[in-house]
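**Q** Quick one: the structure is below, and I'll ask about it shortly.
The values are calculated or read from the model by the stated rules, or taken from the named source; none is laboratory data. Fair warning: this is a prediction, and the values are worked out from it, not measured in the lab. Cβ atoms come from the backbone with ideal geometry, glycine included; neighbour counts cover every protein chain shown.
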Amino acid sequence: MIAAGALFAVSHSGGKDSQAQMIRLRSIVPPDQLVVVHAPLGRVEWPGTLAHIRATIGDTPLILAPASTDLLAMVRRRGSWPTPAIRQCTSDLKRGPIERELRRYLKANPRFGGRIVSCMGLRADESPNRAKRPALKFSERNSKAGRQWWEWLPIHHWSEPRVFAEIAAAGERPHWVYAKGMSRCSCSFCIMATRKDLRRAARLRPRLAAEYIALEEEIDHTLSPTRVPLREIIA
Ligand code: SF4
């Protein structure tokens with residue numbers, strides 16, 4: 001696909017895995033075949049995320065793929081939080097908007113001949129589900145209207161220490177939240193976060209924590225799949 005002149009689209013959350021995959025892709029894909037795409041999550045995203053992405057992608061074009069709603073509005077409307085098994089937040093706030101923008105970009109840039117490799121920084125170590133995912137997959141769903149769409153996980157086999165080592169070797173720093181003890185980036189309070197991360201996030205963003213707690217109490221449903229209320233977790 002590199003030799004065929006395909007577009008390589010790098011989904012970037014601002015987290016360490018996105019940053020490491022970008023470092024890898026920049027070393028093997030010609031710059032004029034690369035584009036970065038970010039789905040901004042509004043106020044639930046860690047502050048400084050967009051600036052961090054811009055600071056670490058050089059001259060690579062950046063596409064923003066906003067959703068028509070935000071996480072808290074979505075939860076309030078549905079009356080429940082997404083679960084790790086059924087993550088509407090990922091599909092509605094990230095995957096859907098990103099795919100929409102990539103289809104547009106591909107259409108607006110016929111030099112790629114409809115060929116695209118959509119790259120994500122998922123790693124096998126993160127969860128049994130992610131370990132089962134193939135590192136390279138043809139997307140039947142998106143290969144329509146003259147498009148040839150592949151999905152690639154360029155750092156699927158990398159360990160977490162390697163991710164940080166590659167970022168350091170490239171002379172870059174990861175997002176500031178890791179230095180504050182967070183193990184993951186993206187949403188400050190994630191439905192899949194550990195209790196430790198939820199507590200740290202609450203210390204770093206007490207006002208947002210209060211909003212999450214108020215919403216949990218309003219809809220009588222907890223963010224954490226352990227069903228322990230956030231108020232109790234962070235107390
Ligand atoms: S970071 Fe967590 S809460 Fe936010 S969209 Fe992704 S899975 Fe959902």
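**Q** Within region 1-48, how many residues are without any contact (Cβ under 8 Å) to a residue 12 or more places away in the chain and more than 16 Å from the ligand (Cβ to nearest atom)?
**A** Step one: of region 1-48, the residues without any contact (Cβ under 8 Å) to a residue 12 or more places away in the chain are 3, 27, 32, 47.
Applying the additional criterion that residues be more than 16 Å from the ligand (Cβ to nearest atom) yields 3, 27, 32.
Number satisfying all stated conditions: 3.
**Q** Restricting to region 220-235, give me the number of residues that are out of contact with any helix residue (DSSP H, G or I) (no Cβ under 7 Å at 6 or more places or on another chain) and of a type in the set (A, V, I, L, M, F, W, C).
**A** 2
**Q** Consider Ala108 carefully, then state whether it is surrounded by fewer than 16 Cβ atoms within 10 Å (Cβ to Cβ) and modelled with pLDDT of 95 or more.
**A** yes
**Q** Ok, one more. List every residue pair whose Cβ atoms sit under 7 Å apart, with the two residues 6 or more apart in sequence or on different chains, where the first one lies in region 168-182 and is farther than 10 Å from Thr56 by Cβ and the second, anywhere, is polar (S, T, N, Q).
**A** From residues that are farther than 10 Å from Thr56 by Cβ, there are no pairs.
**Q** Of everything in region 6-60, what is of a type in the set (A, V, I, L, M, F, W, C) and within 16 Å of Pro97 (Cβ to Cβ)? Give them in sequence order.
**A** Ala9, Val10, Val35, Val36, Val37, Ala39, Leu41, Val44, Leu50, Ile53, listed by residue number.
**Q** On to the next question. Within region 157-175, which residues are farther than 16 Å from Val44 by Cα and either within 14 Å of the chain's Cα centre (by Cα) or of a type in the set (A, V, I, L, M, F, W, C) (or both)?
**A** Taking region 157-175 as the starting set, the residues that turn out to be farther than 16 Å from Val44 by Cα are 157-174.
Residues satisfying the conditions are Trp158, Val163, Phe164, Ala165, Ile167, Ala168, Ala169, Ala170.
**Q** For the structure I just gave you, tell me whether Val163 is surrounded by 13 or more Cβ atoms within 10 Å (Cβ to Cβ), β-branched (Val, Ile, Thr) and in the same structural domain as Pro66 (by TED's automatic domain parsing).
**A** No.
**Q** Here's something else I'd like to know. Keeping to region 184-226, report how many residues are of a type in the set (D, E, K, R) and within 16 Å of the ligand (Cβ to nearest atom).
**A** Narrowing region 184-226 to residues of a type in the set (D, E, K, R): 184, 195-197, 199-200, 203, 205, 207, 211, 216-218, 220.
Now restrict to residues that are within 16 Å of the ligand (Cβ to nearest atom): 184, 195-197, 200, 205, 211, 216.
Of the residues in that region, 8 qualify.
**Q** Give the residue that is surrounded by the most Cβ atoms within 10 Å (Cβ to Cβ), with candidates limited to residues of region 82-105 that are among the hydroxyl-bearing types (Ser, Thr, Tyr) and more than 18 Å from Leu7 (Cβ to Cβ).
**A** Thr90
**Q** Given (1) small (Gly, Ala, Ser); (2) surrounded by fewer than 20 Cβ atoms within 10 Å (Cβ to Cβ); (3) under 21 Å from Arg200 (Cβ atoms), where does Ala4 come up short, assuming only one miss?
**A** Ala4 satisfies every listed condition except (3).
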